[in-house]
There are 2 protein chains.
Amino acid sequence: MQLSEIYEPVKDGLVQVEEQFNLLVEGKRDTFPELHQMLRHVLVGGKVVRPALTLLAGRCYHYDLSRLLPMATASELLHIATLVHDDAIDEADTRRGRATVNKLWGTDKAVLLGDYLFARAGEFAAATENIAVVRLFSRTLQIISSGELKQASSAFSLKQSFDQYLERIAGKTASLMVMATESGAILGQAPPQGVQGLRDYGYNLGLAFQIVDDILDFVGDERELGKPVGSDLAQGTITLPSLLLLERQPRDNPIEKIFRNQDKQENIRLALDMVRNSSIIEECYSMAADYSVRAAGHLKQLPESQARRCLRALADYIVKRNK
Amino acid sequence: MQLSEIYEPVKDGLVQVEEQFNLLVEGKRDTFPELHQMLRHVLVGGKVVRPALTLLAGRCYHYDLSRLLPMATASELLHIATLVHDDAIDEADTRRGRATVNKLWGTDKAVLLGDYLFARAGEFAAATENIAVVRLFSRTLQIISSGELKQASSAFSLKQSFDQYLERIAGKTASLMVMATESGAILGQAPPQGVQGLRDYGYNLGLAFQIVDDILDFVGDERELGKPVGSDLAQGTITLPSLLLLERQPRDNPIEKIFRNQDKQENIRLALDMVRNSSIIEECYSMAADYSVRAAGHLKQLPESQARRCLRALADYIVKRNK
């Protein structure tokens, strides 16, 4: 299935999410032109996987757009807010092939824009008028930020285990996917096993998604990715491919040298080559596929529907994507 | 009245707010020692004016601590989160006489700690199980962050009006006081005119509070303040005293030179002296007193009670404080 087919059952909702973004952007055109520019920069033309997850999860039960729409919007806003802060913290120059907010407006304004987006996201979450969903929203931001703090604490450290890696990607990526699917289930009035099934689906989908992201940082096409390959290593972040490389060659490893800032560019190139010329990427893909299969497995607790088939297809799709 | 007398009707609640903070800090001692250290640094031994406002507002009607306590905690957490981000953005070294989070742990971790505190604050707000309060919380964060963005946009600009100054301090300080009092009123099941009265009280109290803060940045005692005087000017922020100084002496003004980074330290000293040796401080105090009187006036809509008398006394107190 193509993405457009996967999103088919909720395409009306996705159009409305985009309208919400446009309203948000346009609402500041006259009153605060600089904020308008910043919002337009981050909100126009992004991916929509998280809103689609919320809407599809709801579509599996009761598709009440008046409740689902604010939460689908909140899912994407929260995601974008964390990206804006991530880029500010990493001092990244590009994201999705475009200059980052911190690059264009400075770190200080990037931090404040992120805060503003958190607030707008929170407002949309509150607009669902469902306290369980609001709590899920706050808990998710808490998991993400403490996960990022852990990542910042362990940056440039070689002593990391697979479990720590999993914990980290669960915190920074899977938690948001869980929020997207679980909130959709709650607002769609799913029964408890439906909420649990969609929660577990989101969690495993998130892990698969992030592993593929981490693979693409080694083997992706820079133009497709819109950022330089090897940027995780440059920022001192150990991901699955580098974890496996360290495991195979614990001594005299280029990663060690990158983290010691020794011939950094040359050693990044060397590490990328070593990973590419090994079976590491294959192994990583097999792990991602494993989580994708687990994600799909949890959908069995849901009633059969087109939305369920699309969620199943999405789990396949995200492992095969190249950007 | 002394502060201890003002807080008397809600001292049980304030003790419990502190217990909530201790739980939050201690909860990370074993699982995430660095976060534990950071939380201890920002949460132990702060001011409690915002929690006191929430609790006293509730005390004017129905003092249901199970609802008021999470919101009183959220008020202070949201405040602290914004301070952590402010200091990170301003690259400030000290706050309340101690090193800032960004100074001790770096800007990146300060941003993430702020995010984490926003999330915890949001979680406490959600624990009130009151959607109106949750919305008020998100709206407040939105007002604060867009206010700070406006401040960042206008930094080092001399073209600022009194109205812009008011809008700025309303955004960054009064909004949080409004949240504190209005949420207390809502959770205390105040009738509409009680909610409005406490809202207006919080707004005017916040303006008075911030004007005094801005005065103290010119005439305060560095040891009492715990930060260097003149720091607003150093950061390019025009406040009421500097606004009045610019009005009196539009040409060849030291502020102009500070903002052009010309003999910065010397010109800060000069600006401080010029303000101190004029009637500007007196004028500023008279404006602060005016807002304080307005704040007290709005309390007349509330039924007579000890809590109301204490809120009235607080409006007097904050104009007379020296730190």
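The values are calculated or read from the model by the stated rules, or taken from the named source; none is laboratory data. Being a predicted model, the structure only gives us computed values, none of them experimental. Neighbour counts run over all protein chains shown; Cβ positions are idealised from the backbone, glycine included.
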Considering (1) within 14 Å of chain A (Cβ to nearest Cβ); (2) touching a helix residue (DSSP H, G or I) at 6+ places or on another chain (Cβ under 6 Å), say which one B:PHE21 fails and leave the rest.
(1)
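Residues are listed down the side, and each one gets a yes or a no for (1) in a loop (DSSP other than H, G, I, E, B); (2) free of Cβ contacts under 8 Å to residues at least 40 places away in the same chain; (3) within 22 Å of the chain's Cα centre (by Cα):
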position: A:ILE268; (1), (2), (3): no, yes, no
position: A:ALA271; (1), (2), (3): no, no, no
position: A:VAL275; (1), (2), (3): no, no, no
position: A:PRO303; (1), (2), (3): yes, no, no
position: A:LYS323; (1), (2), (3): yes, no, yes
Residues (out of contact with any Gly (no Cβ under 6 Å at 6 or more places or on another chain) and within 12 Å of another protein chain (Cβ to nearest Cβ)) located in the range A:81-91
A:THR82, A:ASP86, A:ASP87, A:ALA88, A:ILE89, A:ASP90, A:GLU91
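Does B:ILE144 meet the test of being in a helix (DSSP H, G or I) and over 15 Å from the mean Cα position of the chain (by Cα)? Spell out the reasoning first.
Numbers: in a helix (DSSP H, G or I): yes; over 15 Å from the mean Cα position of the chain (by Cα): no.
No; evaluated as a whole, the condition is false for this residue.
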Condition check: in a loop (DSSP other than H, G, I, E, B), in contact (Cβ under 8 Å) with a residue 60 or more places away in the chain and not acidic (Asp, Glu). Does B:PRO250 satisfy that?
no
What is the number of the single condition among (1) more than 21 Å from A:LEU39 (Cα to Cα); (2) more than 9 Å from chain A (Cβ to nearest Cβ); (3) of a type in the set (D, E, K, R); (4) touching a helix residue (DSSP H, G or I) at 6+ places or on another chain (Cβ under 7 Å) that B:ARG96 does not meet?
(4)
Exactly one of B:LEU141, B:LEU149, B:LEU176, B:LEU187 is in contact with a Lys or Arg (Cβ under 8 Å, 6 or more places away or on another chain) and either basic (Lys, Arg) or within 11 Å of chain A (Cβ to nearest Cβ) (or both), and that one is B:LEU149
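Would you pick out the residues in the range A:42-61 that are in a loop (DSSP other than H, G, I, E, B), at pLDDT 95 or above and under 15 Å from A:TYR7 (Cα atoms)?
First, pick out the residues of the range A:42-61 that are in a loop (DSSP other than H, G, I, E, B): A:44-48, A:60-61.
Retained after the next criterion (residues that are at pLDDT 95 or above): A:60-61.
If the condition is that a residue be in a loop (DSSP other than H, G, I, E, B), at pLDDT 95 or above and under 15 Å from A:TYR7 (Cα atoms), then A:CYS60 is the only one that fits.
Considering only the range A:2-28, state which residues are of a type in the set (Val, Ile, Thr) and within 21 Å of the chain's Cα centre (by Cα). Lay out the reasoning, then the answer.
First pass over the range A:2-28, keeping only residues of a type in the set (Val, Ile, Thr): A:6, A:10, A:15, A:17, A:25.
Within the range A:2-28, A:ILE6, A:VAL10, A:VAL15, A:VAL17 qualify.
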Subset of the range B:188-231 [surrounded by 16 or more Cβ atoms within 10 Å (Cβ to Cβ) and either part of a loop (DSSP other than H, G, I, E, B) or of a type in the set (Lys, Arg) (or both)]
B:GLY188, B:ALA190, B:ARG199, B:GLY220, B:LYS227, B:VAL229, B:GLY230
Being in contact (Cβ under 8 Å) with a residue 60 or more places away in the chain, surrounded by fewer than 24 Cβ atoms within 10 Å (Cβ to Cβ) and either β-branched (Val, Ile, Thr) or within 14 Å of chain A (Cβ to nearest Cβ) (or both) narrows B:PHE162, B:PHE156 down to just B:PHE156
Select, from A:ARG120, A:ARG96, the only residue that is under 23 Å from A:LEU314 (Cβ atoms) and among the basic types (Lys, Arg).
A:ARG96
Exception for B:TYR203 within (1) within 26 Å of A:ALA126 (Cα to Cα); (2) touching a Leu at 6+ places or on another chain (Cβ under 8 Å); (3) hydroxyl-bearing (Ser, Thr, Tyr) falls at (2)
Within the range B:83-94, can one find any residue that is modelled with pLDDT of 95 or more, crowded, with 24+ Cβ neighbours inside 10 Å and within 24 Å of B:LEU14 (Cβ to Cβ)?
yes
Out of curiosity, is B:ALA170 among the hydrophobic types (A, V, I, L, M, F, W, C) and within 14 Å of chain A (Cβ to nearest Cβ)?
no
When you go through (1) more than 22 Å from B:GLU34 (Cβ to Cβ); (2) outside any helix (DSSP H, G or I); (3) among the polar types (S, T, N, Q) one by one for A:ASN102, which number turns out not to apply?
(2)
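From the list B:ARG139, B:ARG199, pick out the single residue that is under 17 Å from the mean Cα position of the chain (by Cα) and closer than 13 Å to B:LEU53 by Cβ. Give the steps one after another, and end with the answer.
Numbers: B:ARG139 fails: closer than 13 Å to B:LEU53 by Cβ.
Being under 17 Å from the mean Cα position of the chain (by Cα) and closer than 13 Å to B:LEU53 by Cβ holds for just one of B:ARG139, B:ARG199, which is B:ARG199.
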Of the residues that sit in the range B:105-131 and are more than 7 Å from chain A (Cβ to nearest Cβ) and within 17 Å of B:LEU176 (Cβ to Cβ), which one is surrounded by the fewest Cβ atoms within 10 Å (Cβ to Cβ)?
B:THR128
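Residue-by-condition table, conditions (1) in contact (Cβ under 8 Å) with a residue 40 or more places away in the chain; (2) assigned to a helix (DSSP H, G or I); (3) not hydrophobic (A, V, I, L, M, F, W, C):
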| residue | (1), (2), (3) |
| --- | --- |
| B:LEU233 | no, yes, no |
| B:LEU245 | no, yes, no |
| B:MET287 | yes, yes, no |
| B:ARG312 | no, yes, yes |
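Go through the residues of the range A:42-61 one by one and say whether even a single one is in contact (Cβ under 8 Å) with a residue 60 or more places away in the chain, within 14 Å of chain B (Cβ to nearest Cβ), within 20 Å of A:LYS323 (Cβ to Cβ) and of a type outside the set (Lys, Arg). Steps first, please.
So the first thing to find is which residues in the range A:42-61 are in contact (Cβ under 8 Å) with a residue 60 or more places away in the chain, and the list is A:42, A:49-61.
Next, only the ones that are within 14 Å of chain B (Cβ to nearest Cβ) stay: A:42.
Going one step further and asking which of them are within 20 Å of A:LYS323 (Cβ to Cβ), we end up with A:42.
In the following step, the residues that additionally are of a type outside the set (Lys, Arg) were identified as A:42.
Yes - at least one qualifying residue is present in the range A:42-61.
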Test: B:GLN16 is at pLDDT 95 or above and surrounded by fewer than 22 Cβ atoms within 10 Å (Cβ to Cβ)
yes
Mind listing whichever residues of the range B:62-89 are of a type in the set (Asp, Glu) and either more than 16 Å from the chain's Cα centre (by Cα) or in a loop (DSSP other than H, G, I, E, B) (or both)?
B:ASP64
Look through A:THR54, A:THR31, A:THR73 and report the one residue that is over 27 Å from A:GLY194 (Cβ atoms) and of a type in the set (Ser, Thr, Tyr).
A:THR31
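For A:LYS150, state whether it is surrounded by fewer than 22 Cβ atoms within 10 Å (Cβ to Cβ) and free of Cβ contacts under 8 Å to residues at least 40 places away in the same chain. Steps first, please.
Numbers: surrounded by fewer than 22 Cβ atoms within 10 Å (Cβ to Cβ): yes; free of Cβ contacts under 8 Å to residues at least 40 places away in the same chain: yes.
In short, yes.
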